[in-house]
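Chemist: Before we start, here is the structure in question, set down as structure tokens.
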Ligand code: GTP
Ligand code: MN
Ligand code: MN
């Protein structure tokens, strides 16, 4: 059997047309549809998904939908995520590796006929503002309409992205025929396609007459990346992080490799705009591991009078040096794919306002009047719900109504605090970079690094803990360097080296680096710092430092605030002291954890980081 409906590819890019044909020949879909990104297409596909049972239209929110996944397909699958570099060493000790030839052979079998009975959607997309210098193009081929409509929220998807791919292809051809490089692209770029190729299948072909599942997927899953050829192949899952390939797969794993090769940065960072009463705006980026508060900080409502926070991005930042020697950041995404549970009026009112319509909710609970609910949305749950598995639910039920990783997919443009310049193709100049994680013990509220190298040392030691440990003792940690552990597309030791290289760039005006911790706990296991809007006090200290207007105390681990603004804050003096002092004994224990962590990277760990470690020991005495 061959493809039954062959449509001529509606593109002048020969490479794209040939690739789509090649994948269709392999996967054997019933139909091929090129997504244009139009309103009409969104309406048609969401209607189709409603008819099909994948989506439920929400009576209470305009143009919004509810999806419940297969109960086995609810999160990113890190143990099924692979970096298929030619050499195992280039994937590094923190990634799963399969040789590319072996992986391609496996996919040759798995993808054979895997789209039978389905429509193959060709989804051209742009990560970052259309036509921007820092932006990048891609095409995702998928057999999931849910993925196609989600990509319309999360990326600049459709005709306009396709036209850009064609323009680049035409420019490359002209350059080749004239025998010279063109468009400022490096020689190395020419070895790659005009766009990143991403293939996705839920891995559930349909026999003629077979009734489909509302959420088709396969128990065999592969999320594979080919860094040298800039390709992504994803099989068996329909869940966001595994299936919306523009996000983690492209904008972090593949982009981190592109960034290494081309001298820029692809990071798991929010970007916010901070305006003090003086009106002198600053842009700040921050990397925290998943579920450690990026989306919250990006939409923060300051408690200190006269200060304003606006949002540029909540999850990913791409940064490049501008002509001014500063790092300029864009948010490559067009939407927020945020954790729903815990998001409520009290914790993140701006996220709640963003969700008024045009959104897709996955694995939350459904109310009887056709709206969504999740733990933390309101203080009291409704008397009756349908839970994320489709069962009747009451407050007496044993399990939470929403899956803990339930997500919303919503347009960034709807965020009430979105900054007017969030789509500026040149990006925004970054003044400070924050690292952080959940640390019940040891780590102060905020620490200023002593230098760029020391900042890289702090980033390489980002760690987070889930369980409460008693104050004064080092709890069990998972190191998550730069919050990139699951997202770095190459050897993480080399990635540390790339950060150091960035700092050595001639004429660079580098951001200052800070380490923050909102999650310090007391002996009763309660958070000491009120967090959320009160985190604006820490942002204020950072901006005052940048302006040379705040004082700091030197400690063995870095510079701590001498004059944090605590006016109107209801916090006992003793708690404040805990948050802003360094216990040398605790930190000697903490430092002892570093060598085994660094040893993981062997000879790939830059010598400068061992020097920083030694300097820390010396300062601890
Ligand atoms: P990903 O989107 O998965 O990368 O994660 P994220 O970093 O965006 O995490 P998110 O903002 O969704 O994390 C939310 C969790 O952190 C919720 O449980 C929040 O209640 C909690 N949180 C956020 N900010 C604070 C804070 O300042 N203090 C405390 N105690 N908790 C916070
Ligand atoms: Mn988030
Ligand atoms: Mn994330």
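Taken together, the values in this text are just the output of simple stated rules run on the coordinates, not laboratory data. Everything numeric in this text was worked out from a predicted model, so none of it was measured. For neighbour counting, all protein chains shown are included, and Cβ atoms are generated from backbone atoms with ideal geometry for every residue, glycine included.
Chemist: Cα centroid distance between the stretch 21-59 and the stretch 288-315, in Å?
Modeler: Value for the Cα centre distance between the two parts: 34 Å.
Chemist: Could you grab the relative contact order for the stretch 1-71? Cα pairs under 8 Å, six or more apart, rounded to a whole percent.
Modeler: About 23 percent, as a whole number.
Chemist: Something else now. Relative to the longest principal axis of the chain, what angle (0 to 90°, nearest 10) does the C-alpha long axis of helix 100-110 take?
Modeler: Between helix and principal axis, roughly 50 degrees.
Chemist: Modelling each spin label as a point 7 Å along the Cα-to-Cβ direction, I'd like the residue 211/residue 291 distance in nm, to one decimal.
Modeler: 3.6
Chemist: For the stretch 389-519, what number results from the quotient of the Cα radius of gyration and 2.2 N^0.38 Å?
Modeler: My calculation over the Cα atoms of the stretch 389-519 gives 1.40.
Chemist: How many percent of DSSP beta bridges within the chain run antiparallel, rounded to 5?
Modeler: In the chain, DSSP labels about 65 percent of beta bridges as antiparallel.
Chemist: Using 7 Å Cα-to-Cβ label points, what is the residue 261/residue 59 separation (nm, one decimal)?
Modeler: If labels sit at residue 261 and residue 59, their model points lie 5.4 nm apart.
Chemist: Just want the ordering: 192, 384, from fewest to most Cβ atoms lying within 10 Å of their own Cβ.
Modeler: Ranked by crowding around the Cβ, least crowded first: 384, 192.
Chemist: Ranked by Cβ crowding within 10 angstrom, fewest neighbours first, how are 275, 441 ordered? Walk me through the intermediate numbers first.
Modeler: Details: 275 17, 441 23.
Least crowded to most crowded, the residues run 275, 441.
Chemist: What value does the stretch 561-612 have for Rg/Rh, both radii from Cα atoms and Rh as Kirkwood defines it?
Modeler: On the way: Rg = 17.3 Å, Rh = 14.2 Å.
Checking Rg against Rh, the ratio lands at 1.22.
Chemist: Can you give me the angle between helix 14-27 and the longest principal axis of the chain, using Cα atoms only, in degrees from 0 to 90, rounded to the nearest 10?
Modeler: 80
Chemist: May I pose another question? For the stretch 128-167 and the stretch 209-228, what is the centre-to-centre distance using only Cα atoms, to the nearest Å?
Modeler: Each part's Cα centre sits 21 Å from the other's.
Chemist: Taking 0.36 nm per residue of sequence separation and subtracting the Cα-Cα distance, how much length would be gained by fully extending the chain between residue 575 and residue 133, in nm to one decimal?
Modeler: Gain on extension, residue 575 to residue 133, equals 154.4 nm.
Chemist: If one takes the longest principal axis of the Cα atoms in the chain, at what angle in degrees, from 0 to 90 and to the nearest 10, does the Cα axis of helix 145-154 lie?
Modeler: Its long axis makes an angle of about 40 degrees.
Chemist: Grab the Cα-Cα distance for residue 77 and residue 585, subtract it from 0.36 nm times how many residues apart they are, and report the gain in nm with one decimal.
Modeler: Taking residue 77 through residue 585 to full extension adds about 179.1 nm, to one decimal.
Chemist: Counting pairs of alpha carbon atoms under 8 Å apart in space and at least six apart in sequence, what relative contact order in percent does the chain give?
Modeler: Rounded, it is 14 percent for the chain.
Chemist: What translational diffusion coefficient, to the nearest whole µm²/s, does the chain have by Stokes-Einstein, given a Kirkwood radius computed over alpha-carbon pairs, a temperature of 20 °C and 1.002 mPa s viscosity?
Modeler: It comes out at roughly 85 µm²/s.
Chemist: Assuming R0 = 45 Å, can you tell me the calculated FRET efficiency for the pair residue 368 and residue 170, based on Cβ-Cβ distance, to the nearest 0.05?
Modeler: 0.25
Chemist: Hey, with R₀ at 25 Å, roughly what FRET efficiency would residue 278 and residue 611 work out to, going by the Cβ-Cβ distance, to 0.05?
Modeler: Once the sixth-power term is evaluated, E becomes 0.05.
Chemist: Moving on to the next point. Where in the stretch 98-135 does the amide nitrogen come within less than 17 Å of the point 7 Å from the Cα of residue 324, taken along Cα to Cβ?
Modeler: Label zone hits: 133-134.
Chemist: Report the full-extension gain for the segment residue 421 to residue 397: residue separation times 0.36 nm, less the Cα-Cα distance, to one decimal in nm.
Modeler: 4.1 nm
Chemist: Which FRET efficiency value, to the nearest 0.05, is calculated for residue 593 and residue 43 with the Förster distance at 45 angstrom and r the Cβ-Cβ distance?
Modeler: Here the calculated transfer efficiency is 0.25.
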